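The values are calculated or read from the model by the stated rules, or taken from the named source; none is laboratory data. This is a predicted model, so every value here is computed, not measured. Heads up, the Cβs are rebuilt from the backbone with ideal geometry, glycines too, and the neighbour counts pull from every protein chain shown. The area values use the complete protein model at the heavy-atom level, side chains included, leaving out ligands, DNA and RNA. Shrake-Rupley method; radii C 1.70, N 1.55, O 1.52, S 1.80 Å.
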Amino acid sequence: MNWASPGEFFAMGGYSTYVWGSVLVSAAALCAEWLFLRGRRKAALLHVKREVTLRKEHSDETST
Amino acid sequence: MINWFKFSSPKTFYPFAGKLIPWLAAMATMLAIAGMYVGFFVAPTDAQQGEGYRIIFFHVPVSWMSMLIYLAMAFWAAIGLVFNSRLSAMMASALAPTGAIFTFLSLWTGALWGKPMWGTWWVWDARLTSELILLFLYIGFMALQSAIDEPRRADKAGAVLALVGVVNIPIIYFSVQWWNTLHQGASVSLTKAPSMATIMLVGMLLMVFAAWLYSMAITLARVRCIILEREHHADWLYQLKEVKR
Amino acid sequence: MLEAINLVGVRGERRLFNRLSFQVRAGECLLVQGENGSGKTTLLRMLAGLTASAEGAIRWKGRLLDEQLGEYQRDMLYCGHGLGLKEDLSTMENLLISAALAGISTTPALVSDALKEVGLAGRESLSVRGLSQGQKRRAGLARLLLQQSSLWILDEPLTALDTAGCQWLVNVIDRHLLDGGLVVLTSHQHLSLAGTSHSIRMGA
Amino acid sequence: MLEAINLVGVRGERRLFNRLSFQVRAGECLLVQGENGSGKTTLLRMLAGLTASAEGAIRWKGRLLDEQLGEYQRDMLYCGHGLGLKEDLSTMENLLISAALAGISTTPALVSDALKEVGLAGRESLSVRGLSQGQKRRAGLARLLLQQSSLWILDEPLTALDTAGCQWLVNVIDRHLLDGGLVVLTSHQHLSLAGTSHSIRMGA
Amino acid sequence: MKSPFNRHPMYVVVHRDLKLALRRKSDTLTPLFFFVIVVSLIPLGVGAERETLRQIAPGILWVSALLASMLSLNRLFEQDHADGTLEQMALSPTPLSMLVVGKVLAHWLLSGLPLTVIAPVLALQFDLPMPSLLILSLSLAIGTPVLSLIGAIGAGLTLGIRGGGVLVAVLVLPLYVPVLIFGAGSVEAIASGLGASAHLSILAALLVLAGFFAPWAATAALRVALEY
Amino acid sequence: MKSPFNRHPMYVVVHRDLKLALRRKSDTLTPLFFFVIVVSLIPLGVGAERETLRQIAPGILWVSALLASMLSLNRLFEQDHADGTLEQMALSPTPLSMLVVGKVLAHWLLSGLPLTVIAPVLALQFDLPMPSLLILSLSLAIGTPVLSLIGAIGAGLTLGIRGGGVLVAVLVLPLYVPVLIFGAGSVEAIASGLGASAHLSILAALLVLAGFFAPWAATAALRVALEY
Ligand code: HEM
Ligand SMILES: Nc1ncnc2c1ncn2[C@@H]1O[C@H](COP(=O)(O)OP(=O)(O)OP(=O)(O)O)[C@@H](O)[C@H]1O
Ligand SMILES: Nc1ncnc2c1ncn2[C@@H]1O[C@H](COP(=O)(O)OP(=O)(O)OP(=O)(O)O)[C@@H](O)[C@H]1O
Ligand SMILES: [Mg+2]
Ligand SMILES: [Mg+2]
């Protein structure tokens, strides 16, 4: 184990800005990517669902 | 034998990818946790760089992935162009954003590493410049595709661009050999023994595999999205349970 | 003989035609009819080799187009909505250039004769910008006289032509058919050809 | 009332028409006929105030055009060989912009109705490049429905339209004439208007 | 009238494009003029310190050349696409890639060549020594054709696309960067006493590479554009 | 739909121009994008020596801003002239010079303002210290409206003339030079320890001067162009 205390761990031997800056931004970027993709998927599904209801209405109209 | 043609149709690929994604994501998370544990708690302090070197566990995986994803993108784009298969072109489009993010992260972590080690955020050296070009290539690819309304034309135009940009990848990789630059050379190669401590190497490789699996998971998820967007008039979509719900 | 087999025309998400097949033999004319936006131009561009069909195949003299693109392009003349004339150049220059691009050697005298026949005598050195709409169309159609192609693909060639111009074109087409040429043609106006002509209706 | 007095059309060294005079009253249509290159477009551009006549004058409601250019341009709608559509923009965007430039306030709903009437329903957001030739023409003609101009100057509006499209245009013109509008028109095709129409022949 | 029209179609394309450009004089002069302006303005902004000027001169000249070449790209195929000539070229029995080479050549003759010729004259304001001037011309002579070749790909890809003007810059500039680096680098190398031959041979290699692949890529891009 | 058509005509002009530009995103982005590219390319060409870069930074940034502003000039009145809007504006009861001010304002909002905002970020590449960044933004904020105002005169004078693109540069650039000198000068002054206030006040004086005379001159130029 490298670190005597959590404080030492977070200080990263004086390199905290650089190391944590890298870690946090990397994590944030990947999370953001995931979140954006979820939004995109929701929008796409909504679009498909709307198409389904449209088709249903259309087929109801033609059958009656 | 697996029938590849079966999987090259969006209809069969969509559920198949759906089943794969959770596994890939779970494995990526586990590997990342293991890698970070090794990186932060097991690997010792570096003699020259102190704790600052620990950026390596992020910088190297994202840098490798940025190049690898481009190669994969160009590969699928070429397959899409030659065999006119829709799914391959979708794969290429799905890879681009992830590649761009990894490229951005490579630049970001590199810059954060450069400030303490070289005393500057940025220099115009060959490795750094060619990596920046890679980012522009990804952005150009995405911008070109989004500017074209007709999906097939977007696929083909994107493919031409992706193939032209491939020349950049060897330039990035070999730049440290061809020009004497600030950036350090490859320390991992298949032919030579690695020049770094084994435990660092283990941590780094764990992170590399984590990044690899993450890329696969998110790309497959994005391909599914693209399928939903492009095929929204196809009948088979309406049978899906997420649509019926 | 030009043969189309199971052509499929898709634009965006719209399927314009599905599994379309036909044959055009030497001396025959195919009249493609249909409403605006029914896919006539799309079909003609496919026949010219500019657009690929999603499925199906096109054969010329029994062989697939892709196998003989260069030869086919020598045999074929396509005249589309865009006339391919540079506004800054004169009619003479334009025709000489387009002949050269088509790989045909002409002389200014031959071009001059063709221009005379299409009614542009005395306007050889006028830049195309100065021509009237119908005169531009006539200059474009002068290519029919200069290039010895056996297959003509003409997309609404009657556009902007006056009555005399239409009559002239009909005669030229008839002459071409008599010589054993093939013509594929669209038009919204009525054409009274003397030669054999079939017609297909798009979007029906 | 539109009145042309002793108009002279000169292009280069060619005198296309000389001392041409006519009148068009409310509810009347003037059909300008003539061969290709006889000067129809030149005349129409003069009437629209785009080209100046070497001599003579044009009066609108009794006053010279030059004295009331702004007003006249509000009353008049010119639809020429060039359709004035930007290929990159969608039909909807194109029509909204051209209405805004003509100083008319429209809403997307109104434009949508107009597009429906010209047979472009469902293609509002397609960029003009994707439209067929006839559909482009229809999109251009949708301006007739959006701008409440009393004088229409139409240069070969039937070009590229199919039979249904021609019939629709004839009806729109008839309706406009009944409402007391004025129309100046060229065409190489035959038009069967119900309203009053005179015709002049150019180059005769 | 001795007509050049029975020559090779590629020659015809070059000849036609030059003729068209000369008809519209402003088009011909724009890249050259732009180049001259940019190069002359920079000393005004940067201040007149001789040493600095001499040091930045190669970079400035090369960046200006690159911008001048890029700004004239959007006219490369646009006109031909709009008036239907591109279709005729695609339907010509001569391979389209040959005709594309012709168009690129014409573009270079109208943008790259004048720049190459005028650059040494402009470089005099920066007090560059003779060997640098020579290498500057040489590097421009080898490098500007590469710009035209790469540019053709970008112009083909963005043909008839909404917002093509900016897009072509986004696509093309990253690919221009190596040319810029080795072009400007060659002049800097000779100025600092190292030989320029390494840089120049890389430039030449780039030219060969681009000469092989760019026409193919541009042709593919054009065919895609024509299809839709 | 709430319509802006009952507001003051000058407001309408600004509003319409902004809307038209936003429709074509590429048009909006062109000056900005051009600026970013030029500024980033120069270090690649010039080489990476920090001291040199810091020294030339103000000049480079200002020249790029000037070019970006100038390249968007030809679209200032051209479209309005072609489609007859300009005539309608001339016939409007509001004085034409007011509407011209509206058009200049729109041009600045689309070219000058974005440049001013992005410039400090780009300047970071050149390692400029904080006070220089501040003065750079300030000088651009005061200087770019002058560029738009002077540009309007040039655009008006060359309206409807063949080859206007080059001509406008010839006419306008000499007039731009003072702005360039004092703009870049202000940043250099602060960097070398002198205060920038003298330079900035001259810039402000130029702005006042141009604000008074340019609309009048541009209006006169437009009236001439409309007459023929
Ligand atoms: C923005 C700046 C930087 C960029 C764009 C960048 C880019 C890259 C790329 C693309 C790689 C993977 C290629 C390869 O493995 O050969 C890489 C690897 C690496 N980089 Fe960087 N880098 C940057 C800054 C730095 C800095 C400042 C350092 C350390 C002082 C550094 C150290 C490394 C190391 C150790 C490797 C792994 C090499 C190996 O083991 O193969 N990088 N970098
Ligand atoms: N991206 C797209 N999405 C949907 N429909 C499209 C798209 N692009 C083109 N289209 C449609 O494809 C059709 C093209 O038709 P084409 O030009 O072949 O018609 P045409 O029969 O030649 O008509 P015309 O008689 O008007 O010349 C049009 O209906 C057009 O609206
Ligand atoms: N510089 C010039 N010198 C000589 N004749 C010219 C010149 N410019 C144009 N012309 C002629 O002027 C005429 C213009 O005619 P215009 O366009 O008005 O014809 P149009 O009646 O509309 O014909 P179309 O039915 O073909 O549209 C053409 O005959 C053209 O050749
Ligand atoms: Mg058609
Ligand atoms: Mg006409």
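Some points to look at:
- Hey, residue D:11 within 16 Å of ligand 5 (Cβ to nearest atom) and of a type in the set (D, E, K, R) or not: yes
- For the residues F:215, F:131, the requirement of being farther than 20 Å from residue F:78 by Cα and in a helix (DSSP H, G or I) singles out F:131.
- Strands (runs of 3 or more DSSP E) wholly inside the range D:116-203 that include at least 2 residues being within 16 Å of ligand 4 (Cβ to nearest atom) and within 14 Å of chain C (Cβ to nearest Cβ): none
- The set of residues in the range A:1-17 that are surrounded by 10 or more Cβ atoms within 10 Å (Cβ to Cβ) and more than 9 Å from every other protein chain (Cβ to nearest Cβ) comprises A:8, A:10.
- Counting residues in the range B:102-110 that are in a helix (DSSP H, G or I), open to solvent by 10 Å² or more (accessible area, probe 1.4 Å), modelled with pLDDT of 90 or more and at the interface with another protein chain (Cβ under 8 Å from one of its Cβ atoms) gives one or more.
- Residue D:87 being within 16 Å of ligand 4 (Cβ to nearest atom) and either under 17 Å from the mean Cα position of the chain (by Cα) or open to solvent by 20 Å² or more (accessible area, probe 1.4 Å) (or both): yes
- Which numbered condition residue D:13 fails, given (1) more than 10 Å from every other protein chain (Cβ to nearest Cβ); (2) within 10 Å of ligand 3 (Cβ to nearest atom); (3) touching a residue at least 24 places away in the same chain (Cβ under 8 Å); (4) over 23 Å from residue D:170 (Cα atoms): (3)
- Flag not set for residue D:62, criterion: touching a strand residue (DSSP E or B) at 6+ places or on another chain (Cβ under 6 Å) and either small (Gly, Ala, Ser) or crowded, with 19+ Cβ neighbours inside 10 Å (or both).
- Only one of the listed residues (D:89, D:83) is within 16 Å of ligand 5 (Cβ to nearest atom) and of a type in the set (A, V, I, L, M, F, W, C). That residue is D:83.
- Take the conditions (1) away from ligand 2 (no atom under 16 Å from the Cβ); (2) more than 16 Å from residue C:202 (Cβ to Cβ); (3) surrounded by fewer than 18 Cβ atoms within 10 Å (Cβ to Cβ); residue C:29 misses just one of them, which is (3).
- Filter result for residue C:71 (within 11 Å of chain E (Cβ to nearest Cβ) and open to solvent by 40 Å² or more (accessible area, probe 1.4 Å)): yes
- Test: residue C:87 is part of a loop (DSSP other than H, G, I, E, B), away from ligand 1 (no atom under 16 Å from the Cβ), facing another protein chain (nearest Cβ under 8 Å) and in contact (Cβ under 8 Å) with a residue 12 or more places away in the chain: yes
- Residue that is nearest to the chain's Cα centre (by Cα), among those in the range B:146-167 that are more than 8 Å from chain E (Cβ to nearest Cβ), part of a helix (DSSP H, G or I) and modelled with pLDDT of 90 or more: B:162
- When residue B:25 is tested against (1) surrounded by 20 or more Cβ atoms within 10 Å (Cβ to Cβ); (2) within 14 Å of chain A (Cβ to nearest Cβ); (3) within 20 Å of residue B:95 (Cα to Cα), only condition (1) is not met.
- Pairs where the first residue, in the range B:84-102, is touching a residue at least 40 places away in the same chain (Cβ under 8 Å) and within 10 Å of residue B:73 (Cβ to Cβ) and the second is assigned to a helix (DSSP H, G or I) and charged (D, E, K, R), C-beta under 6 Å, 6+ apart: B:94/B:222
- Those strands (runs of 3 or more DSSP E) lying entirely in the range D:1-67 with at least 3 residues more than 16 Å from ligand 1 (Cβ to nearest atom) and within 23 Å of residue D:188 (Cα to Cα): D:2-11, D:14-24, D:28-33
- Of all the numbered requirements in (1) at pLDDT 95 or above; (2) within 30 Å of residue B:139 (Cβ to Cβ), residue B:26 misses one, and that requirement is (2).
- Subset of the range D:94-106 [in contact with a helix residue (DSSP H, G or I) (Cβ under 6 Å, 6 or more places away or on another chain) and either assigned to a loop (DSSP other than H, G, I, E, B) or closer than 10 Å to residue D:126 by Cα (or both)]: D:105, D:106
- Close pairs (7 angstrom Cβ cut-off, 6 or more residues apart or separate chains): more than 8 Å from chain D (Cβ to nearest Cβ) and within 8 Å of residue C:184 (Cβ to Cβ) in the range C:24-41, of a type in the set (Gly, Ala, Ser) and more than 10 Å from ligand 4 (Cβ to nearest atom) anywhere: C:29/C:195; C:29/C:197
- Considering the range B:21-41, the residues that are out of contact with any helix residue (DSSP H, G or I) (no Cβ under 6 Å at 6 or more places or on another chain) and not hydroxyl-bearing (Ser, Thr, Tyr) include one that is nearest to residue B:227 (Cα to Cα), namely B:22.
- Subset of the range C:28-53 [in contact with a Lys or Arg (Cβ under 9 Å, 6 or more places away or on another chain) and hydrophobic (A, V, I, L, M, F, W, C)]: C:32, C:50
- When D:126, D:95 are checked against the criterion of being open to solvent by 40 Å² or more (accessible area, probe 1.4 Å) and either more than 20 Å from the chain's Cα centre (by Cα) or in contact (Cβ under 8 Å) with a residue 40 or more places away in the chain (or both), D:126 stands alone in meeting it.
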